[in-house]
Protein chains: 2
Amino acid sequence: MAKHDALSAPVSDSSAHDHSKIPQPTIERLSTYLQCARGLQTDGIAMASSSEIAARTGINAAQLRKDLSYFGEFGTPGLGYDVDALSTHLTRIMGLDKTHDVLLVGAGNLGTALASYMGWVQRGFRIVAVFDTDPAKIGGSLANCKIASLDEIAKVNAQCKALMGVVAVPRESAQDVVDKLVASGVKSILNFAPTGILVRPGITVRNVDLTSQLEVLSYYLHTQ
Amino acid sequence: MAKHDALSAPVSDSSAHDHSKIPQPTIERLSTYLQCARGLQTDGIAMASSSEIAARTGINAAQLRKDLSYFGEFGTPGLGYDVDALSTHLTRIMGLDKTHDVLLVGAGNLGTALASYMGWVQRGFRIVAVFDTDPAKIGGSLANCKIASLDEIAKVNAQCKALMGVVAVPRESAQDVVDKLVASGVKSILNFAPTGILVRPGITVRNVDLTSQLEVLSYYLHTQ
DNA sequence: GTCTGTGAACGAATTCACAGCT
DNA sequence: AGCTGTGAATTCGTTCACAGAC
């Protein structure tokens, strides 16, 4: 696993900024900043300095400023950042200004939980198809989708054209599922199976291994 | 998430090695090595060189050797690593040679999925109590536990003495839940709520923000 | 010859500190 | 005065490359 937890991404876009050497940690923090900006909006705060955001997120103020500077100049010296503008910019930078269609593979406990996870819908991710191997599940329904057989991924996605996939199947079938997703045109995969996944360059995989998370906690527990 | 994905943890133990300056990325990789060692055992492979493990995990061979070197000398020059011994050592290093009791807070979709997630049981994590706020759920049953009210965390854990907690509640209540867990004696927390959590030094929190994962994938999608 | 363990070299990411703008 | 944006300094982590073990 581990592999390329998030990988490759030869970047290049039409903006004036050079996205090719943005640290990965920066990208992972953008999401936090966006969350923070939304919280500030909710609280009715219109302007916030880097140190106010730092206090809310736990991320160093200089770090925030440098992170944002990779993408442009969003702040006003002497005043700070306009919260609405920051939110808008981060949304656009992360490509969240349009809904993303997602294929979900695995309709077990985890798949079911993910399907009913409202956080995704609220943030613009929409599950458009669900797949499973279990004949008892196929034909059933989840997330307003009919559950289809794994073998139908290609056929279904020929119409859906989803670019994202979520893998919530047992370890043994994970690589196979990922291969099928990639063959169907999926470019980004969130993998919950506790196993390393191999994909060709240009495909991004992020692994979320729940057991591994507890194991890391176990390490810290017993070393202190 | 982002935040301090795993934080604090002033390390120090009684072994001959100095655990105080082990890189966090190293600790996160230990889990991968253990998984790999178990896979090798399953495949009946008794010895493996660092480059064989590298090929299986996608982690650089030199990295593996250095990571392991923080904890001792487990390999045999000219031969590689004894898979059984490696597995045993990693298990002990990570504190996985005994079962860990876990409190689960939140019996919604995610909490239910986590409760029935067999990976944890297999790896020695046992849910010993479940809590929720919903009166309709309290008194019900999950993971062989009666679901209790949030307010009973302290009372229940006075007996359970669990050191680990899993937070699967909405954003709004997450900090409150964490505070209650910490007050009850919990030292390590796995947080699924999409919000930054503040804890006092000595308490370890790992954040798993599912939405944030998809947002990072979104970024890579639209920048390539 | 093969492979480990590790100091040294390198590269990446964070933090500092300040010039310049409001 | 207050704050941003950013080069420079620093810290941190990875990779190299080789001495020494088998």
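Nothing in this text is a laboratory measurement; each read-out follows from the coordinates by a stated rule. No experiment lies behind these values; they were computed from the predicted model shown. Neighbour counts run over all protein chains shown; Cβ positions are idealised from the backbone, glycine included.
Annotations for the structure displayed:
- Residue tally, condition more than 10 Å from DNA strand C (Cβ to nearest atom), farther than 16 Å from B:G78 by Cβ and small (G, A, S), over the range B:46-60: 2
- Test: residue in the range B:160-167 that is more than 26 Å from A:F192 (Cβ to Cβ) and surrounded by fewer than 20 Cβ atoms within 10 Å (Cβ to Cβ): yes
- Taking residues in the range B:42-63 that are away from chain A (no Cβ under 11 Å) and free of Cβ contacts under 8 Å to residues at least 40 places away in the same chain, and partners anywhere that are within 12 Å of DNA strand D (Cβ to nearest atom) and polar (S, T, N, Q), the pairs with Cβ atoms closer than 6 Å and at least 6 places apart or on different chains are B:A61/B:S50; B:A61/B:S51.
- For the range B:94-106, a residue qualifies if it is in contact (Cβ under 8 Å) with a residue 40 or more places away in the chain and in a loop (DSSP other than H, G, I, E, B), and the qualifying residues are B:M94, B:L96, B:G106.
Here's the yes/no breakdown for (1) touching a helix residue (DSSP H, G or I) at 6+ places or on another chain (Cβ under 9 Å); (2) surrounded by 19 or more Cβ atoms within 10 Å (Cβ to Cβ); (3) under 30 Å from A:A158 (Cα atoms):
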site	(1), (2), (3)
A:G44	no, no, no
A:A55	yes, no, no
A:K66	yes, no, no
A:T76	no, no, no
A:D84	yes, no, no
A:H89	yes, yes, no
A:M94	yes, yes, yes
A:L103	yes, yes, yes
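- Hey, B:L198 touching a Gly at 6+ places or on another chain (Cβ under 6 Å) and more than 30 Å from A:T204 (Cβ to Cβ) or not: no
- Verdict on A:A158 being small (G, A, S) and over 18 Å from A:G106 (Cβ atoms): yes
- The residues of the range A:120-132 that are more than 15 Å from A:M164 (Cβ to Cβ) and crowded, with 19+ Cβ neighbours inside 10 Å amount to a single one, A:D132.
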